[in-house]
1. Taking A:T120 as the residue in question, decide whether it is free of Cβ contacts under 8 Å to residues at least 24 places away in the same chain and within 16 Å of the chain's Cα centre (by Cα).
2. Take the residues in the stretch B:63-82 that are more than 25 Å from B:G139 (Cβ to Cβ) and without any contact (Cβ under 8 Å) to a residue 12 or more places away in the chain; name whichever of them is farthest from DNA strand D (Cβ to nearest atom).
3. Of these, A:E132, A:E84, A:E92, which one is buried (at least 23 other Cβ atoms within 10 Å of the Cβ), out of contact with any Pro (no Cβ under 8 Å at 6 or more places or on another chain) and of a type in the set (D, E, K, R)?
4. Please specify each residue of the stretch B:330-349 satisfying the condition of being under 13 Å from the mean Cα position of the chain (by Cα) and of a type in the set (S, T, Y).
5. Filter the stretch A:42-77 down to residues that are within 11 Å of DNA strand C (Cβ to nearest atom) and either at pLDDT 90 or above or in a helix (DSSP H, G or I) (or both), then give me how many there are.
6. Being more than 11 Å from chain A (Cβ to nearest Cβ), more than 18 Å from B:S336 (Cβ to Cβ) and either among the hydroxyl-bearing types (S, T, Y) or surrounded by 23 or more Cβ atoms within 10 Å (Cβ to Cβ) (or both) is the filter here, so list the residues in the stretch B:184-221 that pass it.
7. Report, by residue number, each residue of the stretch A:306-338 that is modelled with pLDDT under 95 and charged (D, E, K, R).
8. Mind checking whether some residue in the stretch A:104-114 is among the charged types (D, E, K, R), within 12 Å of chain B (Cβ to nearest Cβ) and away from DNA strand D (no atom under 16 Å from the Cβ)?
Protein chains: 2
Amino acid sequence: MKGAVVPHTRNRSRDELNVTDDLNVTDASNLATAGSAQPVTPRASRRGRPAATIYDIAKLAGVNPSTVSRALSKPGRINVKTEERIQAAAKELNYRLNPMARALPTGRSSTLGLLLADITNPMFFDVVRGAERAASLRGYTLILAESQESADRESAAAERLSPSVDGLVLVTSRMSDAKIVELTDRQPLVVINREVDGVPGIVPDIAPGIDEALAHLGGLGHTAIGFVSGPENSWMNRARWAALLVRAPQRGMTIVEIGPGVPTLDGGAAALDRVSASGVSAVLAYNDLMAIGLMRAAQARGLTVPGDLSIIGFDDIFGSDFTSPQLSTVRTPLGSIGERAVRLILDVIDEDAGESPHREIGPQLITELVVRGSTGPAAR
Amino acid sequence: MKGAVVPHTRNRSRDELNVTDDLNVTDASNLATAGSAQPVTPRASRRGRPAATIYDIAKLAGVNPSTVSRALSKPGRINVKTEERIQAAAKELNYRLNPMARALPTGRSSTLGLLLADITNPMFFDVVRGAERAASLRGYTLILAESQESADRESAAAERLSPSVDGLVLVTSRMSDAKIVELTDRQPLVVINREVDGVPGIVPDIAPGIDEALAHLGGLGHTAIGFVSGPENSWMNRARWAALLVRAPQRGMTIVEIGPGVPTLDGGAAALDRVSASGVSAVLAYNDLMAIGLMRAAQARGLTVPGDLSIIGFDDIFGSDFTSPQLSTVRTPLGSIGERAVRLILDVIDEDAGESPHREIGPQLITELVVRGSTGPAAR
DNA sequence: GACATTCTGTCAACCGGTTGCCAAAGTGCA
DNA sequence: TGCACTTTGGCAACCGGTTGACAGAATGTC
């Protein structure tokens with residue numbers, strides 16, 4: 001008899017299974033007056049066998065588990081005949097790879113974390129869409145987390161996500177540069193709408209849109225402009241203000257900053273008093289949300305837009321053309337930004353893994369003015 | 001000498017580490033004219049030591065790894081003194097538990113999958129917010145996936161997520177009942193806005209809102225109503241239509257179904273011809289997106305709302321009060337629905353795990369009419 | 001002081017994959 | 001037929017945790 005020390009034997013006795021078919025179909029007719037929380041039918045316990053593993057496949061195909069692993073993830077490493085047998089067994093067992101089991105030895109989860117400041121800001125729609133597309137194209141899954149405009153919550157979310165994602169995309173980070181650099185030291189990370197020394201990032205070129213906006217306003221006779229400012233800790237807020245501060249005087253316009261404020265409808269509405277008091281005839285707001293909030297507050301007070309006040313937003317979010325008048329706004333190519341950001345971080349990840357460091361420099365991400373109804377001639 | 005067979009020795013020589021401080025700070029000044037894709041600074045490779053494990057803690061605290069595991073996750077099982085020592089070591093090493101390593105033996109990932117039909121439908125804002133709140137309250141993370149209104153893509157997403165989540169929440173599923181039941185057999189699952197036999201779900205009570213809407217329209221003199229219908233495979237679409245079909249005649253009104261159509265702005269706009277041709281003086285649309293699309297299309301054609309046509313939407317999404325006139329709509333308590341759905345699925349999960357099957361039946365999730373400007377007296 | 005009971009920490013198996021190393025089998029070429 | 005080289009598949013360690021079983025120490029009881 002051979003030696004009998006079996007060091008790591010797996011004894012799984014899950015082959016035969018119950019399937020006691022006690023499904024108790026409750027009659028849930030009467031669609032129309034649907035109740036609220038439908039009571040759960042007493043489901044004794046999850047039926048259906050546990051998910052198949054490579055060990056099950058190995059047994060069925062009569063090979064070693066490691067061979068199954070290779071057949072499934074290293075095409076060509078295994079004899080074609082064997083590979084076919086394994087594929088057949090996998091299909092028969094309806095095998096589905098367990099990503100977490102794979103992530104443990106490889107250290108790669110094929111998962112990316114996307115940190116947003118505020119889910120309810122429609123600006124994120126397109127970013128998420130674009131990111132999703134680029135991610136799934138390369139077999140990655142996105143995990144979304146929201147920081148609700150708080151640097152602390154953002155940093156907590158990053159810490160929480162960190163062990164289970166291959167990389168982090170910060171969409172409109174509220175964290176300090178130092179914290180971001182610290183995170184970048186630990187794992188691949190890219191920022192959107194922000195520049196941090198030594199951290200890869202995707203930032204649209206805001207200059208064209210702002211130039212167009214100022215030219216547009218100048219052409220309408222406005223000479224005193226306001227900037228309804230967003231969060232102080234937003235890099236993009238500072239960037240937009242900085243650009244205006246340089247460019248407005250170049251065109252012979254005066255410009256004042258009104259704020260900072262929270263980047264929401266309410267934040268925009270809250271700026272109305274200061275806007276009125278400032279005597280400006282036109283404002284740019286940090287984003288469309290604030291612009292719309294301001295517009296509605298102004299209208300509620302009997303002012304007309306653009307008669308008494310011209311308003312321009314940023315981003316061209318969903319709904320910015322619902323308003324009356326429709327909002328003029330500096331469009332940001334959000335979808336492309338999300339897409340590029342994910343491609344960039346995947347490149348960083350691959351590079352860390354020692355693969356080809358190809359980095360495509362695509363077309364510029366430029367912004368442009370969308371002229372709609374909320375801008376008009378300055379009152380004489 | 002004792003026996004010397006060490007079966008599973010871990011030899012990690014990661015104690016000393018490099019930290020070659022070659023951070024090459026590139027000067028990225030000039031905020032305003034930010035370029036597009038900022039080139040990545042040549043980052044030799046990820047700096048910073050690999051994440052600490054319980055083995056590192058064990059060595060530092062002079063105990064066995066299993067003791068560390070217990071100290072960290074089974075408070076009280078371990079001597080207070082030892083536990084403190086371990087906690088201190090964990091803090092010193094900045095230890096962070098690896099969720100995937102934990103998920104493997106326990107089979108629980110503390111992660112929930114949320115399947116949406118369309119991220120860009122603002123209806124999901126509140127659902128996601130509510131779900132997020134309930135999930136994080138109980139230590140769970142949400143993974144969002146989008147099916148883009150396709151049953152196939154939805155089912156594929158469910159399959160893909162399945163191995164790595166503890167449960168699935170289908171928000172507005174487009175899959176067949178059979179498929180949903182099949183998934184439910186494999187793992188905890190709850191549906192929102194849908195009733196499926198034997199599958200736990202959260203559905204708002206649409207009757208009150210629809211009654212109010214019909215009463216409102218009746219009071220304004222409307223007798224011929226249209227329902228601009230959404231996707232055929234949407235349970236909620238059928239439910240709304242079924243409710244209207246029963247209730248409108250009870251009030252002496254006629255009602256016709258116009259559709260089906262895609263549940264977007266464009267889908268609503270596309271229904272305009274059929275709405276005009278039908279001769280109705282008021283319509284309810286499947287959701288706010290279609291209602292707004294229809295309203296804008298009507299206005300673009302020179303019709304007035306509500307003068308020529310009264311319009312009511314469903315859900316009261318973000319932006320439904322941006323329009324002019326503002327949209328009257330049947331509000332759905334989306335946030336509560338998301339919250340309740342997550343609580344429900346966590347109960348299902350706990351129950352499967354053999355814990356207390358407490359199930360709170362909260363207040364009813366009722367809908368209500370929000371009267372704004374898009375409804376008015378019927379034309380004589 | 002003897003014995004039963006509770007506390008506390010260790011051992012080793014296990015979750016489901018991946019992968020370096022190696023030997024057996026197959027192939028090519030002289 | 002002999003030998004070098006390539007293919008192919010198995011073995012066992014490993015990723016980072018969890019947990020049942022168990023033994024030694026501490027404590028309680030009479």
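The values are calculated or read from the model by the stated rules, or taken from the named source; none is laboratory data. Fair warning: this is a prediction, and the values are worked out from it, not measured in the lab. Virtual Cβ from ideal backbone geometry, glycine too; neighbours counted across all protein chains shown.
1. Yes: the conditions hold for A:T120.
2. My answer is B:K81.
3. So the residue among A:E132, A:E84, A:E92 that is buried (at least 23 other Cβ atoms within 10 Å of the Cβ), out of contact with any Pro (no Cβ under 8 Å at 6 or more places or on another chain) and of a type in the set (D, E, K, R) is A:E132.
4. B:S336
5. Here the count works out to 17.
6. Across the stretch B:184-221, the qualifying residues are B:A213, B:L214, B:L217.
7. Selection gives A:D321 alone.
8. Looking for residues that are among the charged types (D, E, K, R), within 12 Å of chain B (Cβ to nearest Cβ) and away from DNA strand D (no atom under 16 Å from the Cβ), one finds none in the stretch A:104-114, hence no.
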